[in-house]
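First up is the structure itself, then whatever we jot down about it.
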Amino acid sequence: MFAGYAELTSMVGFSVLLMVLASRDWIRLRGFENPAVAQEFAGWVIRGWVTPLFLWTAWNLAVFAGWLDGVIPLLPGVPLGPIPRNQLGDLVAHSAALVVFAVTTHWMAFTQIRLLEHFSRAEYAEDPKFWRMLFGIVVLPLAGFVAWWLGPAGWGLSTTIVLWFGVQFLTREPRRHVPAYGRAVARMKFGNYREAEQEIIQQLEQCEDDYEGWMLLAQLYAERFGELGNAADTVFDVCSQSTITPFQISRGFNRLADWQLAHGNDPKAAKAALEEVVRRAPGTPFARTAEQRIALLPLDREELQEQRAVKRLRLPSLSDGPAPSIGTQEPTSPSTGAPVSPTEVRAATRRRLTRLLTRMEAAPDDWSLREQRWKLLGDELGETGTAVREIEEVLSRNLVPRDRVPAALALVAGWRLKRLGDRAGACKVLERLVKEFPGTSEGYGASAQLWAIESEALDATQVIRTQAAPPRIVVRLPEASKPA
């Protein structure tokens, strides 16, 4: 007696299940183009599922109420003719279950058709044989069996089965390919660089946005093939991706700057690469680090070669040994090692002095640059008097930072003592160092130098006294004996 009600309850549960599946796919596939996707799906349910059921219910109520004379009710599955009153409710519930089933399955089929309009077929890395077997062995036979078993009433369900599986296959997320560059690295270690390049490109074809792969390819171009142009294009392309992070931008252009310096000997190109970090990641720690590195870059290729040349150790100005002078060693070119003339050496030193002035204008508070300029003037150009006057002027105006004063005084004392021959002026500076900076290395050196000067003066005084009063040698002859 209650079989009809049980059928209606099961059909309502079946309808809810199909609606849940449809809502999940609807929100997943249409949510990117409509923020109010939930309201849109609710309107689709009302138009395609609620409205047909409402019209069917209204039609039958009007017929049973006698408002439509001569019209029969729409009750599929109910035999024509008089119906016993005690079976009417169960038969109407059975008919309603059939109507709910037909409306729900056809609504679900049209929903899948509408969803298929809003996707683009993606390329998958895996073999689609599994899905071909699924459709050929399970889905299509199942749909055909449902259509044969239920007749026209099951056409909606069979269509829904085929279309739902089609939507799941065509709109699923593709499996991301994880590139592996172990074989490429192994080929690079054995010197097979062209094979390594082909291996990297093969991996990138399956994962075009892999940052590590593009940087490995750029490294291969720069370090093994010497193709800095291709390396730069690769770095610019990978750093222009929408998913790139500031850290990756900084790493990529810093590597490019390293290659420009190491393999291209081009400080200007290295500076341009670091400026890209400042432009693309402004206000980040990576941009500030790039700015600091730009300030330390060589200004031209000549300065880069000078930085790579072997540095000669310069002893402190207050050492006991004699100060180095121009021309004590035969000068050589930093790049070729060939001997150069003193005129060329002086011209190169002047260019270094010009670059230092440029850096001093950009960083006026960097006193290490001033000290380098003074050493160039005093030691390499021989303009010791100019350097001493400049140092004494800034010292008198209290412009030198307190921690830099001992080094400046040591330079003045050393140059006055060994280059200018002004022992009295050097002693005054040394006494100031001992008095004002007793605990510094310059103070200890000044004390030792004053002791050496005093010892030298005492030795000279003793020599002078010895030379002024030479020792007298008296020879006494024996007296002649008297005759007896």
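The values are calculated or read from the model by the stated rules, or taken from the named source; none is laboratory data. Because the structure is predicted, anything quoted here is derived from the model rather than measured. Note: ideal-geometry Cβ built from the backbone for every residue, glycine included; neighbour counts use all protein chains shown.
In the stretch 23-31 there is at least one residue matching the filter, namely being within 42 Å of the chain's Cα centre (by Cα), among the aliphatic types (A, V, I, L, M) and in a helix (DSSP H, G or I). Among the residues making up the stretch 1-22, those that are touching a residue at least 40 places away in the same chain (Cβ under 8 Å) and small (Gly, Ala, Ser) are Ala3, Gly4, Ser10, Ser15, Ala22. Against the list (1) at pLDDT below 75; (2) over 24 Å from Arg114 (Cα atoms), the condition Leu140 fails is (2).
When the residues of the stretch 366-404 are filtered to those that are β-branched (Val, Ile, Thr) and under 30 Å from Leu297 (Cβ atoms), the one that is surrounded by the fewest Cβ atoms within 10 Å (Cβ to Cβ) is Thr386. Restricting Trp451, Trp415, Trp374, Trp367 to those that are in contact (Cβ under 8 Å) with a residue 60 or more places away in the chain, of a type in the set (Phe, Trp, Tyr) and on the phi < 0 side of the Ramachandran plot reduces the list to Trp415.
Restricting the stretch 215-227 to residues that are under 29 Å from Gly283 (Cα atoms) and more than 13 Å from the chain's Cα centre (by Cα) leaves a set whose member that is surrounded by the most Cβ atoms within 10 Å (Cβ to Cβ) is Ala218. Highlighted here would be helices (runs of 4 or more DSSP H) found entirely within the stretch 162-254 that include at least 3 residues which are modelled with pLDDT of 90 or more and not assigned by TED's automatic domain parsing to the domain that holds Arg288, but there are none.
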